[in-house]
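Structure, as structure tokens:
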């Protein structure tokens, strides 16, 4: 997880957008360099996927061959035999539950920090971001004892801890959104006859929907991709995709299985990301 | 009357602001009239409007609409709508659905609310704009949609918070005409916040003048200009001539001589500041009748000029049309109509007058009382 600094509570979190500003347009060599850099970055992200895709369906690929010598479904069969389907189910459930817990909590924290007088707001800000600075295994080992004493079921414990780890992402995303959200629009809706409930559903939610989707997606990723907390707090009883990948990678001759599971693990977030890009935009209300 | 608004002793203080933002404001607005809340920035006008709308809770005092106390009544149930400086249109709805919003939240079927909204769009001369996204509107169009949206809520009281201040002068004038037309058609009670005297005079019948959270005066537009109740009110209304002197037997005595005051008011004797609007002073040729003065300065004011005049050592200002051939040092004659004169207390000298403790203040509101009685 990348370390992100907590936002200063006094810093405005939105900046004016000025499309078409001539000072920011690049021409000539600068434009060429910009395009080349973008292509290099795209290649940098795509390159690791190529060997994964090749390995996933390679029954035999020995050095120094450039391409697999035998193609087949051994990787798929082994992955299924090792419990890939339940592992995907567990990961999906974990991601969704973490998202379901951390997103509303992030919304509440962000709204409180953006609109209300929170006592010791800078301290609260730092606390919200503390999970990013704290190594996961430290928190997991420390809290595991507490969760065991409290007889919290392992799966619930994992969801609980991962939700705390997702909170910095959801609260920050929503804080940015609330910073740009104009409360005067909500007041206007009230004066037009909308009840507080109608304002939430008919004004606030549509306007904040893209940010909510982004926050939920980030929280899902935390649950989907976690390994350390799942292993330590789950006590080995919860087998998720990262746990299965790590276990397969620890053995020998599992290259195809590892590659297949890793490549497949990309699909759900990728689908969500595409969905976010396509449907996560604020509706603009009509045609020009 | 349903839309009559009465404010009784309204006060409001925000923590950390030092003083009250509103201080004992009492105001009565008749149903179907338009009153401008005029004053400089920070006078408390917008806070007052928000308190009337229910968006701010006053510390003390009451807001009554149609005789009903609004304490504890939620903003959505007050029968009011507000148009602010920014149109604040809902960006996720198109123009038609913005205007239909009030109807749909009241539970009216969407089809009916949209048909109703189309009528209001026509009223603000934006027929056919319904399917457009709000981002495709110009500033003036967006403000028209905001007005249509507010009117579609069928408010008994329409609150306008500097709604035209972000528009260019030409568009603002168009919007003033539009507002006049809407008043003729729908006749809501209107309270409009503005810091522009000309705008207040253009759209409202009455002006409530505010400064430092206090209401200084509430009168018809004409009386606000011709009979300010205090020196502060006169200055805020743009009055430029203040002549110190004394009132005796219905005349004001100063370096300008004895000037008879309007006889529609009983002027209290004592030290008083004579006020006369710069627009009311007529500047004539040297060989004509009137008070002798010398031109000491000229300043262009668009189609008019502000002339600084030295009359018997008193500095006066008068506005004249551009075409008049005047130059510094010219001798002229001034005519000051009696009806244009008013006297208010001179805060520097009023307390020095014998019996100042018991003497009622000199105020030019007498004619206001007469005017009200005439009505």
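Out of B:364, B:331, B:339, I need the residue that is at pLDDT 90 or above and closer than 14 Å to residue B:274 by Cβ. Which one?
Working: B:364 fails: at pLDDT 90 or above; B:331 fails: closer than 14 Å to residue B:274 by Cβ.
Being at pLDDT 90 or above and closer than 14 Å to residue B:274 by Cβ holds for just one of B:364, B:331, B:339, which is B:339.
Please state which of the following conditions residue B:70 fails to meet, knowing it meets all the rest: (1) at pLDDT below 95; (2) out of contact with any strand residue (DSSP E or B) (no Cβ under 8 Å at 6 or more places or on another chain).
(2)
Output yes when any residue across the range B:114-133 is closer than 26 Å to residue B:40 by Cβ and either touching a strand residue (DSSP E or B) at 6+ places or on another chain (Cβ under 6 Å) or in the same structural domain as residue B:68 (by TED's automatic domain parsing) (or both), and no when none is.
Filtering the range B:114-133 for residues closer than 26 Å to residue B:40 by Cβ gives none.
So far as the range B:114-133 goes, no, none of its residues is closer than 26 Å to residue B:40 by Cβ and either touching a strand residue (DSSP E or B) at 6+ places or on another chain (Cβ under 6 Å) or in the same structural domain as residue B:68 (by TED's automatic domain parsing) (or both).
Scan the range B:7-25 residue by residue and report those that are more than 17 Å from residue B:40 (Cα to Cα) and either assigned to a strand (DSSP E or B) or not assigned by TED's automatic domain parsing to the domain that holds residue B:63 (or both).
Answer for the range B:7-25, where residues must be more than 17 Å from residue B:40 (Cα to Cα) and either assigned to a strand (DSSP E or B) or not assigned by TED's automatic domain parsing to the domain that holds residue B:63 (or both): B:7, B:8, B:9, B:10, B:11, B:12, B:24.
Look through the range B:75-94, keep the residues that are within 19 Å of residue B:166 (Cβ to Cβ) and in a loop (DSSP other than H, G, I, E, B), and return whichever of them is nearest to the other protein chains (Cβ to nearest Cβ).
B:88
Regarding residue A:207, is this residue within 10 Å of chain B (Cβ to nearest Cβ), touching a helix residue (DSSP H, G or I) at 6+ places or on another chain (Cβ under 9 Å) and within 30 Å of residue A:270 (Cβ to Cβ)?
yes
Mind telling me which of the residues A:142, A:193 ends up being more than 14 Å from chain B (Cβ to nearest Cβ) and either more than 15 Å from the chain's Cα centre (by Cα) or crowded, with 17+ Cβ neighbours inside 10 Å (or both)? Quick ask: steps written out before the conclusion?
Values: A:193 fails: more than 14 Å from chain B (Cβ to nearest Cβ).
Testing whether each residue is more than 14 Å from chain B (Cβ to nearest Cβ) and either more than 15 Å from the chain's Cα centre (by Cα) or crowded, with 17+ Cβ neighbours inside 10 Å (or both) leaves just A:142.
Give the residues of the range B:117-146 that are in contact with a helix residue (DSSP H, G or I) (Cβ under 6 Å, 6 or more places away or on another chain), more than 14 Å from every other protein chain (Cβ to nearest Cβ) and not in a loop (DSSP other than H, G, I, E, B), sorted by residue number.
B:140
Among what's in the range B:211-234 and is out of contact with any strand residue (DSSP E or B) (no Cβ under 8 Å at 6 or more places or on another chain) and in a helix (DSSP H, G or I), pick the residue that is surrounded by the most Cβ atoms within 10 Å (Cβ to Cβ). Reasoning before the result, please.
First, pick out the residues of the range B:211-234 that are out of contact with any strand residue (DSSP E or B) (no Cβ under 8 Å at 6 or more places or on another chain): B:211, B:222-223, B:225.
Within this subset, residues satisfying the condition of being in a helix (DSSP H, G or I) are B:222-223, B:225.
Values: B:222: 14, B:223: 23, B:225: 21.
Applying the filter and picking the extreme gives B:223.
Can you list the helices (runs of 4 or more DSSP H) lying wholly within the range A:105-206 that have 2 or more residues being touching a strand residue (DSSP E or B) at 6+ places or on another chain (Cβ under 9 Å)? Reasoning before the result, please.
Working: elements: A:121-133, A:136-149, A:154-180, A:183-191, A:196-199.
Of the helices (runs of 4 or more DSSP H) lying wholly inside the range A:105-206, those with at least 2 residues that are touching a strand residue (DSSP E or B) at 6+ places or on another chain (Cβ under 9 Å) span A:183-191.
The values are calculated or read from the model by the stated rules, or taken from the named source; none is laboratory data. Bear in mind the structure is a predicted one, so any value in this text is a computation, not a measurement. Note that we place each Cβ from the backbone using ideal geometry, even for glycine, and neighbour counts take in every protein chain shown.
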